[in-house]
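Have a look at the structure below, then the notes.
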Amino acid sequence: MVSLRTCVVALACASSALGARIQNPSIFLPSSAAKHRQDVKNIFLTSWNAYKQFAFPHDDLTPISESWTDGRNGWGASVVDALSTIFIMGEQDIFQEAVNFTTHVDFTESHTTDTASPSVPSVFETTIRYLAGMLSAYELSGQKYPELITQAETLANKLSAAWSKGNVIPYGQVNINTSTPTIQTSNIAEAGTLTLEWSRLAEYTKNDTYRALAEDSVRLLATNPAPIPGFPAQGIDPSTGKPVGAYVTWGGGSDSYLEYLIKYARLTNTDDNLFADTWATAVDSSIHTLLRTSTVGNWTYLADLDDSGTIRHVGSHLACFMAGNWIMGGRMLNNNTIVQLGLDLNEGCWNTYASTATGIGPEAFAYISKDGNYSGSTPSAGDIAFYNKHGFYITTSYYYMRPEVLESNFYAYRLTGDVKYFNRAASAVQSIQSFLKTPTVAYAPIDDVDATDSDFIDDMESFWFAEVLKYLYLTFDDPNHISLDKYVFNTEAHPFIAPAEKPSYGSGKLRGANGSFKTTSGPLPEVSFAPKLPPT
């Protein structure tokens, strides 16, 4: 394997022909593209109409019980999160209806009836769904609806209480009704995934405080001591700004912090190399420390590193975003090694889809590499048999309607134009139609991706509209419509208009390491996977 450390420092593996552009300029859409596009739109409209009938104006549809939940503060999360997808699909009447609803939501009070957590939303989740949905819709519509910026500003002012204790790292939750934060430990994904949205809000409101709050948090995370160079531990204590534990993962709790480092550099074209260089250092550390291949199939994976410094041979659907992220970042750094590894990681993630009875990948999985199979649990005889056939085994069997594998497949297609990625997206649509369609309304998660008669899970989260169906639709769409060279997607797949790209990003040097650490300043919240709901 070529040393990435050499490539990053000396750009020995760079291709000047690539520049910092991501998309292949010669993508030819197969003749079936229009049909597949319409199939995705039909899935969207079926889901949307069911939401409107049984759940509106609440947050999410429960498609089996034909009811609703208000897990996102009762502000109509599915409507706001769907805004950019509706616009991209060209459904102007629905878009106008959704904008009219969004501009009349009262973001100063909680509307949820959830007695367990009535008014304490996640700052991260609220930012990536609500703030981003409104900001992206404002941009996509040609800034036609300034009320969306007013609403975003109102909501951000409430969320800014996350910094109200003099802390640099935001607390993860804020009581909307009292404008007070919940004092508890957080994680780097929640603390470090605000820069795209809050910097763009600062631009439109002419209030740079929004950008500074989000950016300063990332600066502290990037300069804290880290278990491996450039890669912070998953946990963070906002009260002190210090790390909690030493767990390293590209999965939940860390994922979008890493994602936003390189995306922020691209969206802002900042001359401050901290963001691109920190990302490059984290990637370099990952290749030297976390990169593994399976003993069966030679699939490429990124392992976790636990608090004791032990490699865990595990992967997750959430972590599979990293393939597309490495494709994007590798192009920005003019580094073919990173790009190729991104494509290799994408193959490993897609294999988790191709190997199941439904053609859909599981929430979490494990594998065996030449350094062992330690994953934190002991595989059963059935697990080993599955591994010997497929090069991984399933550890959490449900599919929660997540987008990450389809997201990376989209990046791979836009990079290469290789029709195999197009065909994979088409097969995913067929699997959705076959196995996620409920007997009554809409679509739902399934309990077991390796069973064609799986039970459903009674929950259809807003990211079904925002991410899954958008990435599928765009895979079949004109690549110049929402080009990866003209837009940067937030972690919820809301596109923001990007400036013309620079020739390259970062200094070409890795950031220095601060050494290893282990702290225990508080318990970590559950961050890695969504709670599993009982089947109905």
Filter the stretch 92-113 for residues that are of a type in the set (S, T, N, Q) and not in a helix (DSSP H, G or I); the one that is nearest to A161 (Cα to Cα) is T108
Over the stretch 156-206, the set of residues touching a residue at least 12 places away in the same chain (Cβ under 8 Å), closer than 25 Å to K144 by Cα and not aliphatic (A, V, I, L, M) is K158, T195, E197, W198, S199, R200, Y204, T205
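Filter the stretch 378-412 down to residues that are part of a loop (DSSP other than H, G, I, E, B) and open to solvent by 50 Å² or more (accessible area, probe 1.4 Å), then give me how many there are. Working first, answer last.
First, the residues of the stretch 378-412 that are part of a loop (DSSP other than H, G, I, E, B): 378-380, 391-392, 397-398, 400-403.
Now restrict to residues that are open to solvent by 50 Å² or more (accessible area, probe 1.4 Å): 378, 380.
Within the stretch 378-412, residues that are part of a loop (DSSP other than H, G, I, E, B) and open to solvent by 50 Å² or more (accessible area, probe 1.4 Å) number 2.
Does G297 qualify as being in contact (Cβ under 8 Å) with a residue 12 or more places away in the chain, over 18 Å from M328 (Cβ atoms), assigned to a loop (DSSP other than H, G, I, E, B) and open to solvent by less than 10 Å² (accessible area, probe 1.4 Å)? First the steps, then the outcome.
Working: in contact (Cβ under 8 Å) with a residue 12 or more places away in the chain: yes; over 18 Å from M328 (Cβ atoms): yes; assigned to a loop (DSSP other than H, G, I, E, B): yes; open to solvent by less than 10 Å² (accessible area, probe 1.4 Å): no.
For G297, the condition - in contact (Cβ under 8 Å) with a residue 12 or more places away in the chain, over 18 Å from M328 (Cβ atoms), assigned to a loop (DSSP other than H, G, I, E, B) and open to solvent by less than 10 Å² (accessible area, probe 1.4 Å) - is not met.
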Only one of A20, A10 is of a type in the set (G, A, S), open to solvent by less than 30 Å² (accessible area, probe 1.4 Å) and at pLDDT below 95, namely A20
ask   = Regarding V283, is this residue among the hydrophobic types (A, V, I, L, M, F, W, C), in contact with a helix residue (DSSP H, G or I) (Cβ under 7 Å, 6 or more places away or on another chain) and assigned to a loop (DSSP other than H, G, I, E, B)?
value = no
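Given the options I188, I228, name the one that is of a type in the set (A, V, I, L, M, F, W, C) and over 22 Å from the mean Cα position of the chain (by Cα). Explain how you work it out, then say what you get.
Numbers: I188 fails: over 22 Å from the mean Cα position of the chain (by Cα).
The match here is I228.
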The residue that is nearest to the chain's Cα centre (by Cα), considering only those in the stretch 135-175 that are part of a helix (DSSP H, G or I) and of a type in the set (D, E, K, R), is E139
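Please verify whether the stretch 334-346 includes one or more residues that are of a type in the set (D, E) and surrounded by 21 or more Cβ atoms within 10 Å (Cβ to Cβ).
Residues of the stretch 334-346 of a type in the set (D, E): 344.
Okay, now just the ones that are also surrounded by 21 or more Cβ atoms within 10 Å (Cβ to Cβ), so none.
Checked the stretch 334-346: no residue is of a type in the set (D, E) and surrounded by 21 or more Cβ atoms within 10 Å (Cβ to Cβ).
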With criteria (1) buried (at least 24 other Cβ atoms within 10 Å of the Cβ); (2) small (G, A, S); (3) in contact with a strand residue (DSSP E or B) (Cβ under 6 Å, 6 or more places away or on another chain), A498 comes up short on (1)
Within the stretch 63-87, the residues that are open to solvent by less than 10 Å² (accessible area, probe 1.4 Å) and either in contact with a strand residue (DSSP E or B) (Cβ under 6 Å, 6 or more places away or on another chain) or part of a helix (DSSP H, G or I) (or both) are P63, A77, S78, V79, V80, D81, A82, L83, S84, T85, I86
Condition set among the aromatic types (F, W, Y) and over 23 Å from P30 (Cα atoms), scope the stretch 413-470, selection most open to solvent (accessible area, probe 1.4 Å): answer is F435
Contact list, first residue from the stretch 453-482 and more than 26 Å from E66 (Cα to Cα), second anywhere and outside any helix (DSSP H, G or I) and among the basic types (K, R), beta-carbon distance below 9 Å, six or more apart or interchain, is N480/K486
The condition of being over 30 Å from T310 (Cα atoms) and within 22 Å of the chain's Cα centre (by Cα) holds, among T205, T178, T195, only for T195
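Just to check your reading of the model, which residue among Y264, Y210, Y257 is out of contact with any Phe, Trp or Tyr (no Cβ under 7 Å at 6 or more places or on another chain) and touching a residue at least 24 places away in the same chain (Cβ under 8 Å)? Give the derivation first.
Numbers: Y264 fails: out of contact with any Phe, Trp or Tyr (no Cβ under 7 Å at 6 or more places or on another chain); Y210 fails: out of contact with any Phe, Trp or Tyr (no Cβ under 7 Å at 6 or more places or on another chain).
Going through Y264, Y210, Y257 in turn, the sole match is Y257.
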V488 fails exactly one of (1) within 23 Å of A55 (Cα to Cα); (2) not in a loop (DSSP other than H, G, I, E, B), namely (1)
Residues of the stretch 305-330 being open to solvent by less than 20 Å² (accessible area, probe 1.4 Å) and either free of Cβ contacts under 8 Å to residues at least 60 places away in the same chain or in a helix (DSSP H, G or I) (or both), in sequence order, are A319, C320, F321, M322, A323, G324, N325, W326, I327, M328, G329, G330
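Looking only at the stretch 190-214, which residues are buried (at least 23 other Cβ atoms within 10 Å of the Cβ) and more than 17 Å from Y130 (Cβ to Cβ)?
Residues of the stretch 190-214 buried (at least 23 other Cβ atoms within 10 Å of the Cβ): 190-198, 200-201, 210, 214.
Residues satisfying the conditions are A191, G192.
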So F124, is it surrounded by 23 or more Cβ atoms within 10 Å (Cβ to Cβ), in a loop (DSSP other than H, G, I, E, B), at pLDDT 95 or above and in contact with a helix residue (DSSP H, G or I) (Cβ under 6 Å, 6 or more places away or on another chain): no
Among residues of the stretch 413-437 being in contact with a helix residue (DSSP H, G or I) (Cβ under 9 Å, 6 or more places away or on another chain) and outside any helix (DSSP H, G or I), the residue nearest to F321 (Cα to Cα) is D418
Selection from the stretch 352-377 of residues buried (at least 22 other Cβ atoms within 10 Å of the Cβ) and assigned to a helix (DSSP H, G or I) yields T352, Y353
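Quick check: is even one residue across the stretch 263-273 under 18 Å from G309 (Cα atoms) and either of a type outside the set (D, E) or open to solvent by 10 Å² or more (accessible area, probe 1.4 Å) (or both)? Quick ask: steps written out before the conclusion?
First, pick out the residues of the stretch 263-273 that are under 18 Å from G309 (Cα atoms): none.
Checking the stretch 263-273: not a single residue is under 18 Å from G309 (Cα atoms) and either of a type outside the set (D, E) or open to solvent by 10 Å² or more (accessible area, probe 1.4 Å) (or both).
State the number of residues belonging to the stretch 210-236 that are within 28 Å of E147 (Cβ to Cβ) and touching a helix residue (DSSP H, G or I) at 6+ places or on another chain (Cβ under 7 Å). Spell out how you get there, then give the answer.
Applying the first criterion (within 28 Å of E147 (Cβ to Cβ)) to the stretch 210-236 yields 210-215.
With the extra rule that they be touching a helix residue (DSSP H, G or I) at 6+ places or on another chain (Cβ under 7 Å), the set shrinks to 210-211, 213-215.
So the count comes out to 5.
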So, first residue under 18 Å from K437 (Cα atoms) and aliphatic (A, V, I, L, M) in the stretch 62-82, second residue open to solvent by 10 Å² or more (accessible area, probe 1.4 Å) and at pLDDT below 95, Cβ within less than 8 Å, six or more apart or across chains; the pairs are I64/T440; I64/T536
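The values are calculated or read from the model by the stated rules, or taken from the named source; none is laboratory data. Note that the structure is a prediction, hence the values are computed from the model and not measured. Quick reminder, even Gly has a Cβ in these numbers, built from the backbone with ideal geometry, and neighbours come from all protein chains shown. Note: areas computed on protein heavy atoms with side chains; ligands, DNA, RNA excluded. Shrake-Rupley method; radii C 1.70, N 1.55, O 1.52, S 1.80 Å.
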